[in-house]
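Contents: one structure, followed by commentary.
The values are calculated or read from the model by the stated rules, or taken from the named source; none is laboratory data. From a predicted model like this one, the values you see are computed outputs, not experimental measurements. Cβ: placed from backbone, ideal geometry, glycine included. Neighbour counts: every protein chain shown. Accessible surface areas use protein heavy atoms only, side chains included; no ligands, DNA or RNA. Shrake-Rupley method; radii C 1.70, N 1.55, O 1.52, S 1.80 Å.
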Amino acid sequence: SSHARPIDLRVVAASDTNLAQRVADGAFREDLFYRLRVIEISLPALRERGDDVQALAEHFLQRIGEQHRLGPYTFDEDALKAIRTHPWPGNVRELHNAIERAVILSDASCIAAEQLGILPGRSKSGQHTFELNLDEYFRQFVLTHQGQMTETDLAERLGLSRKALWERRQRMNIPRAGV
């Protein structure tokens, strides 16, 4: 427009770097830093939040179960231990996705540690965490349940369309039962 128009606007900015240090190093504009820094909220990473991770995991489990019209779900003791000790490098998004994957692939109301699909690595205590490959879990789930479930039920349980289930079977060379 060729005319100025008044607006009311708020800017929310986030960074995972220390912007004050970047200003001191000359890598970030000082005027922009002070313009953005009206209210600063510091959120610690999930691995630094102590028992919050378990409460958050239980909240996600309830919400995801309701969202998928499944459940109610609980975690077994090994799953709770895995949740508390995993360093969660992907932060809250990794936790949410691990729980959603477990709910979709679970055939029981109690989520086991193996179903979380936490990638291998070291936990906060330095212990190795277990490995679960999602493709292998998919293969195991399909081969175990295809005798009791229809293709539609399998696809729905895995959160896929029937076409996506068929394509994945083809790609992974998983035959249909009785074929």
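The H on the amide N of residue 74, modeled in the peptide plane, is under 5 Å from the matching H of 110, 111, each at least 5 residues off or on a different chain.
Quick one: order 11, 142 from most to least accessible surface, probe 1.4 Å.
On the way: 11 105, 142 0 Å².
These residues rank, largest area first, as 11, 142.
Among 166, 88, the sequence by solvent-accessible area, most first, with a 1.4 Å probe is 166, 88.
For the stretch 24-116, what relative contact order do you get, as a whole percent, if you take Cα pairs closer than 8 Å and at least 6 residues apart? The partial results should precede the final answer.
Details: 81 pairs, mean separation 28.5, N = 93.
The value is 31 percent.
Prolate is the label for the stretch 24-74, because a/c, from the alpha-carbon gyration tensor with a ≥ b ≥ c as root eigenvalues, is 1.5 or above and a/b exceeds b/c. Under the combined filter of DSSP loop state and at most 12 neighbouring Cβ atoms within 10 Å, the stretch 39-90 retains these GluC sites (Glu not before Pro): 40.
In the chain, helical runs assigned H by DSSP with n ≥ 4 each contribute -39500 (n - 2.57); averaged across all residues and rounded to the nearest 500, the mean residue ellipticity at 222 nm is -14000 deg cm²/dmol.
Given a 1.4 Å probe and heavy atoms of the protein chains only, how would you sort 63, 84, 157, largest accessible area at the top?
On the way: 63 110, 84 85, 157 60 Å².
I get 63, 84, 157, largest accessible area first.
Dimensions of the chain along the principal axes, based on C-alpha atoms and rounded to the nearest Å, stand at 69, 52, 30, largest first.
Taking Cα atoms only, the orientation of helix 91-105 departs from the longest principal axis of the chain by about 20 degrees.
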